[in-house]
Amino acid sequence: MTNTTTSPVGTIHLLGGQYRVPRIGYGTMRLSGRGVIGLPEDVTGAIAILRQAVDLGVRFFDTANAYGPRTVNQLIGRALAPFDDEIVIGNKVGASRGPHGEWLTDSRPETIRTQVEDALLDLRTDISPLTYLRLWGDSTDRAGAIAGDVPLEDSLGALVELREEGKIRHIGISGASPAMLERAQRLTPIAAVQNRFNLLDRSGVGVLSACERDGIAFVPYFPLATGALADLEALVAPARRLGAPTTTIALAWLLRRSPVIIPIPGTTSPTHLTENLRAAALAPQLTDDEVKALTAVEDEANARLDIMSAQAVEAIQKQPATTV
Ligand SMILES: NC(=O)c1ccc[n+]([C@@H]2O[C@H](COP(=O)([O-])OP(=O)(O)OC[C@H]3O[C@@H](n4cnc5c(N)ncnc54)[C@H](OP(=O)(O)O)[C@@H]3O)[C@@H](O)[C@H]2O)c1
């Protein structure tokens, strides 16, 4: 069973069985300063692109307390609040930042609670439609843990409590191995899983299969491999045939790869935003052979953590932070 239907405006995902969101979302991580710390240089541009995304039909945004930290959520609140039930902001908790911008894990229940409450404040809303717990089942090199290993049941339990208190509607997990997803599902329904997955990195394929089986939204992060896909040879022919940028084809392939996928490409460019959203209309125009050829660029049967993406993550994490 999958929660997808097609509509004249593109393909819709019934996220959590409740929210009808077009299947191209928007990732906000880059609406921050260097090293994902502080405010971006162009605050006005960041606010404008968030509003433009809504105007162009985006209804699914991805963010995290750790972006900035908090500044990206504050920008979203400033740009988009008050948002009605049509806009789904998926926020991640369980990660934080050290004094030099380093990425840290902090999944203590008290931190989870504080982060959810901070996010509501920053996003200027009373309820989070979707909150993910950030896990590290998709990384060779997990972020430093502030409080040792907190059992998944404890950190996820905090989200369950917050849902019972009416502060969260749906719970997701990010960076999950299939075993972690199974363990999480014993505790609570999981509405979305966010893992790395793109043409060059299929490390999330195991958990994607589990999401397909259970009708869970699968949100691939780094859907454009942080911009590294543009020159991929296999994209050139379909891009030429359809008169579209290779990046648009890469997103269209994700939509064809599985009906549970909702990509969240990040961009600070209004032109790129428009190009990325075009993927929904182009996806049905890819031929089955083109989809097959693109799927075969990587061997999914043997997919594991990918070195390219591990390096990209490391590069982003090591970028020096600028103070604002
Ligand atoms: N769960 C997690 O741990 C996790 C980790 C990382 C990211 N994320 C989420 O995933 C989202 C997406 O990741 P991301 O933004 O790092 O990587 P991405 O979406 O794979 O790629 C973004 C990069 O591609 C470029 N780009 C975007 N559209 C383009 C186009 N049409 N043509 C050419 N270049 C284009 C962007 O530059 P321009 O600005 O110039 O367009 C940017 O450099 C993030 O925003 C964040 O919300 C989650």
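Within the stretch 274-283, the set of residues being more than 11 Å from the ligand (Cβ to nearest atom) and over 24 Å from ALA210 (Cα atoms) comprises ALA281, LEU282. Restricting the stretch 65-92 to residues that are under 24 Å from LEU14 (Cβ atoms) and either surrounded by 21 or more Cβ atoms within 10 Å (Cβ to Cβ) or within 11 Å of the ligand (Cβ to nearest atom) (or both), which is farthest from the chain's Cα centre (by Cα)? Only one residue tops the list, namely ILE76. Checking each residue of the stretch 95-108 against the condition of being among the β-branched types (Val, Ile, Thr) and either part of a helix (DSSP H, G or I) or away from the ligand (no atom under 15 Å from the Cβ) (or both) gives no match.
In the set ASP118, ASP149, only one residue is charged (D, E, K, R), within 23 Å of ALA191 (Cβ to Cβ) and surrounded by fewer than 24 Cβ atoms within 10 Å (Cβ to Cβ); that residue is ASP118.
Criterion applied to ILE262, ILE249 was being within 13 Å of the ligand (Cβ to nearest atom), in contact with a strand residue (DSSP E or B) (Cβ under 6 Å, 6 or more places away or on another chain) and closer than 19 Å to ARG23 by Cα, and the one residue passing it is ILE262.
In the list SER128, SER107, SER139, which residue meets the criterion of being touching a residue at least 60 places away in the same chain (Cβ under 8 Å), of a type in the set (Ser, Thr, Tyr) and out of contact with any Pro (no Cβ under 6 Å at 6 or more places or on another chain)? So that I can check it myself, show each step before the final result.
Numbers: SER128 fails: touching a residue at least 60 places away in the same chain (Cβ under 8 Å); SER107 fails: touching a residue at least 60 places away in the same chain (Cβ under 8 Å).
Just one listed residue meets the conditions, SER139.
Scanning the stretch 182-202 for residues that are crowded, with 22+ Cβ neighbours inside 10 Å and more than 12 Å from the ligand (Cβ to nearest atom), we see that the one that is farthest from ILE24 (Cα to Cα) is ALA184.
Which ones in the stretch 15-64 are in a helix (DSSP H, G or I) and small (Gly, Ala, Ser)?
Listed by number, the residues that qualify are GLY35, GLY45, ALA46, ALA48, ALA53.
When the stretch 154-207 is filtered for residues that are small (Gly, Ala, Ser) and assigned to a strand (DSSP E or B), the ones remaining, listed by number, are GLY172, SER174, ALA192.
With respect to LEU286, is the statement that it is in contact (Cβ under 8 Å) with a residue 24 or more places away in the chain, among the hydrophobic types (A, V, I, L, M, F, W, C), within 11 Å of the ligand (Cβ to nearest atom) and out of contact with any strand residue (DSSP E or B) (no Cβ under 6 Å at 6 or more places or on another chain) true? If you could, list the steps in order and put the result at the bottom.
Numbers: in contact (Cβ under 8 Å) with a residue 24 or more places away in the chain: yes; among the hydrophobic types (A, V, I, L, M, F, W, C): yes; within 11 Å of the ligand (Cβ to nearest atom): no; out of contact with any strand residue (DSSP E or B) (no Cβ under 6 Å at 6 or more places or on another chain): yes.
No, not satisfied.
A quick yes/no check of all residues on (1) assigned to a loop (DSSP other than H, G, I, E, B); (2) acidic (Asp, Glu); (3) within 21 Å of SER174 (Cβ to Cβ); (4) within 12 Å of the ligand (Cβ to nearest atom):
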position	(1), (2), (3), (4)
SER209	no, no, yes, no
GLU212	no, yes, yes, no
ASP231	yes, yes, no, yes
ALA234	no, no, no, no
HIS272	no, no, no, yes
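Before we move on, is GLY90 touching an Asp or Glu at 6+ places or on another chain (Cβ under 6 Å) and under 21 Å from LEU277 (Cα atoms)? So GLY90 fits the description; yes.
Looking at this structure, is VAL236 modelled with pLDDT of 95 or more and under 19 Å from TRP136 (Cβ atoms)? Steps first, answer last, please.
Details: modelled with pLDDT of 95 or more: yes; under 19 Å from TRP136 (Cβ atoms): no.
So VAL236 fails the test.
Restricting LEU229, LEU254 to residues that are modelled with pLDDT of 95 or more and either among the basic types (Lys, Arg) or under 27 Å from ARG59 (Cβ atoms) (or both) narrows the list to LEU254.
The values are calculated or read from the model by the stated rules, or taken from the named source; none is laboratory data. Source: prediction; values computed, not measured. In this analysis, Cβ positions are derived from the backbone assuming ideal geometry, glycine residues included, and neighbour counts consider all displayed protein chains.
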